[in-house]
Amino acid sequence: MKIKNICCIGAGYVGGPTMAVIAQKCPDIKVTVVDINTDRIAAWNDENVENIPIYEPGLSDVVAEARGRNLFFSTNVEKAIDEAEMIFISVNTPTKTYGIGKGMAADLKYIELSARQIASVAKSDKIIIEKSTLPVRTAEAIKNILDNSGNGVNFQILSNPEFLAEGTAVENLLNPDRVLIGGEQTEEGEKAVQALVNIYARWIPEDRLLTTNVWSSELSKLTANAFLAQRISSINAMSELCEMTEADVDEVARAIGSDSRIGPKFLKASVGFGGSCFQKDILNLIYIAQSYGLQEVADYWEQVIIMNNHQRNRFSRNIVQTLFNTVSGKKIAFLGWAFKKETNDTRESAAIYVADNLIDEQADIVVYDPKVKSEQMYADLDYLNSRDENINREKLTVVNDPYSACKDAHAIAILTEWDEFKDYDWQRIYDGMMKPAFVFDGRNILDKEKLEEIGFDYYCIGK
Ligand code: UDX
Ligand code: ADP
């Protein structure tokens, strides 16, 4: 099957960058990214390509090259569905906040709405690709909706989970470790898989294009994220023990990471993992295990989340205890709000939870983050906690330079590993602070010796 038109439903963190790269690499294919969020689409179409709604290194260059040539952003969902032979579903699948599976299962309403819309519009055969992270067997549900409410056309459903990490999305898309494509093991299914393989094969070596059945593909995505998150919780568990025993968690990580069976990556102790995927996918895995009656499997994975929550709470508790058991009315500067560096994404960021704990303790928080806007920070806090929204605005202020954030502060908390934090004039920061001046480095990025020489009381994770 020759693909001439691709549509992607959902212009978010996954859909936007993925389609931009496909469009860049396949100039003969028209790629249309649609979204119901008109502001988001307007931002993707902004004349100044630096204003696109997602910050990712290198992304604006890719968009600048392809946009208007064969990459289009639109709110006309139906037209794009109608024209396309291949449709990616890349809508959000947040954790359910209501009903059965509340707080654990993925909310599939946006997926279902997309499937119903495709079914009602499609007049020709289409390949439908699940891009969003979904619980195992979602493809079956999508197929059911399409086959039972469509206009009698044929749909092939593929699972093609996204493994890109934020901050390195473009690099991951250009040069992925692997691309996973799951399809039905029928003649039609194999043809659909081949059509998608042909697209990726334009720039990715074929030995990195793995094909499996649909269910393996869906479950592999959850498994990959669960394993990665588990490594972080494992090293974080050791970090607490290190603090008790005078071992150094970074040394332990280096020592175990040089065992080629363990490997060095994802062993950085921290204030806790964030991001839209890890917690959500593990909760999903737990929910699926429970729904099959596999309680031990569910309990096993739940520990990864329990450890992560503990790590965030332990970090804020340490700040309060070290500041002589009270932070009430004290200024605490936060450097960083994003869940990791090189992104403006704040979903599940540890900073939100630490801020929430410290607001409960009546601290005055002043935040500086190089990329996150103040409205986002307030939205994050309001979403997490049902306290009066005015209190969040009273107790947390946002500034756009780090030196004024730290001026007159009793303590600084490093919540994101932005590189620029290392290059600040720490003497100048120290001079402007209340004494004793504390730094709580939730990312272990600063030079302990240098800071202690200046006069700071420096705390980091696992030492
Ligand atoms: C993750 C997966 O890596 C990616 O493959 C998947 O498609 C989506 O989820 P992402 O959420 O973008 O990507 O970020 P990632 O780099 O995995 O980091 C997640 C969190 O873990 C961040 O808060 C990061 O700071 C933290 N982290 C990561 C650590 O605390 N220690 C580490 O060693 C690594
Ligand atoms: P992700 O990180 O998975 O990409 P985002 O929340 O960043 O998630 O993006 C998902 C996008 O999908 C949002 O911009 C949302 O408006 C869009 N979306 C959700 N449902 C639909 C729908 N039925 N039609 C079009 N777009 C949708």
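Annotation: residue 145 carries an accessible surface of approximately 30 Å², with a 1.4 Å probe and no ligand, DNA or RNA atoms counted. Counting only the Cα atoms, the range 136-195 fills a convex hull of 123 Å³ per residue.
Quick check: the distance between the Cα centres of the range 385-463 and the range 121-181, to the nearest angstrom? That distance is 43 Å.
For the chain, what is the accessible area per residue in Å² when the probe is 1.4 Å? All intermediate terms of the calculation are to be shown ahead of the outcome.
Values: 20460 Å² over 463 residues.
On a per-residue basis, 44 Å².
Residue-normalised convex hull volume from the C-alpha trace of the range 125-284: 131 Å³ per residue. Here the convex hull built on the C-alpha positions of the chain has a volume of 157 cubic angstrom per residue. Spin-label model, residue 313/residue 78: points 7 Å from Cα along the beta carbon direction are separated by 5.1 nm.
For the range 210-359, what percent of Cα pairs sit more than 29 Å apart? Walk me through the intermediate numbers first.
On the way: 2867 of 11175 pairs.
Distances greater than 29 Å cover 26 percent of the Cα pairs.
With a simple spin-label model that places each label point 7 Å from the Cα along the Cα-to-Cβ direction, the separation between residue 391 and residue 113 comes to 3.2 nm. Residues of the range 276-318 falling in the label zone of residue 97, defined by backbone nitrogen less than 16 Å from a point 7 Å along Cα to beta-carbon, are 276, 280.
Could you compute the net charge surrounding residue 403? Neighbours are other residues with a C-beta less than 14 Å from the C-beta of residue 403; K and R count +1, D and E count -1.
Values: positive: 331, 407, 428; negative: 401, 408, 420, 423, 425, 431.
Net local charge, residue 403 excluded: -3.
With Cα atoms defining each centre, the range 236-267 and the range 305-352 are spaced 22 Å apart in the structure.
Computed in the context of the full set of protein chains, the accessible area of the range 325-412 at 1.4 Å probe radius has 43% of its extent on carbon or sulfur. Over the range 151-291, Cα pairs under 8 Å with separation of 6+ residues give a relative contact order of 20 percent.
The 3J(HN,Hα) values that the Karplus relation (6.51, -1.76, 1.60; θ = phi - 60°) gives for the range 67-78 are, in residue order, 5, x, 8, 9, 10, 10, 10, 8, 9, 7, 5, 5 Hz. Gly and Pro appear as x.
Placing unit charges on the Cβ atoms only, positive for Lys and Arg and negative for Asp and Glu, gives the chain a dipole magnitude near 660 debye about its Cα centre.
With the alpha-carbon atoms of the range 1-157 aligned to their principal axes, the span from lowest to highest coordinate is 43, 38, 23 Å, starting with the largest.
With runs of 4+ DSSP H residues as the only contributors, calculate the mean residue ellipticity of the chain at 222 nm using -39,500 (n - 2.57) per run, divided by the residue total and rounded to the nearest 500. Don't skip to the end; give the middle numbers.
Working: 18 runs with 209 residues, N = 463.
Value at 222 nm, helices only, nearest 500: -14000 deg cm²/dmol.
Is the range 42-127 best put as rounded, prolate or oblate by its Cα gyration tensor, with a ≥ b ≥ c the root eigenvalues, rounded for a/c under 1.5, and otherwise prolate when a/b is larger than b/c, oblate when not? Since a/c reaches 1.5 but b/c is at least a/b, the shape of the range 42-127 is classed as oblate. For the range 337-414, the pair-distance distribution built from all alpha carbon pairs, in bins 5 Å wide starting at 0, is 3, 16, 29, 28, 18, 6, 0 percent.
Of all DSSP beta bridges located in the range 381-463, what percent are antiparallel, nearest 5?
Details: 0 of 8 bridges.
For the range 381-463, the DSSP antiparallel bridge percentage is about 0.
Of the solvent-accessible surface of the range 8-150, computed with a 1.4 Å probe over protein heavy atoms with every protein chain present, carbon and sulfur atoms account for 49 percent.
Compared with the dominant principal axis of the Cα atoms in the chain, helix 187-200 is inclined by about 50°. Sorting the segments 281-287, 455-461, 304-310, 34-40 by their mean number of nearby beta carbons within 10 angstrom, highest to lowest, gives 281-287, 455-461, 304-310, 34-40.
Our summary gives the chain a relative contact order of 12 percent, counting only alpha carbon pairs under 8 angstrom and 6 or more residues apart.
If you take every DSSP beta bridge whose two residues both sit in the chain, what share of them, in percent to the nearest 5, is antiparallel? Rounded to the nearest five, the antiparallel share is 5 percent. Among the listed pairs 373/395; 102/280; 79/191; 4/191, those with a Cα-Cα distance over 22 Å are 79/191.
The values are calculated or read from the model by the stated rules, or taken from the named source; none is laboratory data. Bear in mind the structure is a predicted one, so any value in this text is a computation, not a measurement. Here Cβ is always computed from backbone atoms with ideal geometry, including for glycine, and neighbour counts include all displayed protein chains. Side chains included, ligands, DNA and RNA excluded: accessible areas come from the protein's heavy atoms. Shrake-Rupley method; radii C 1.70, N 1.55, O 1.52, S 1.80 Å.
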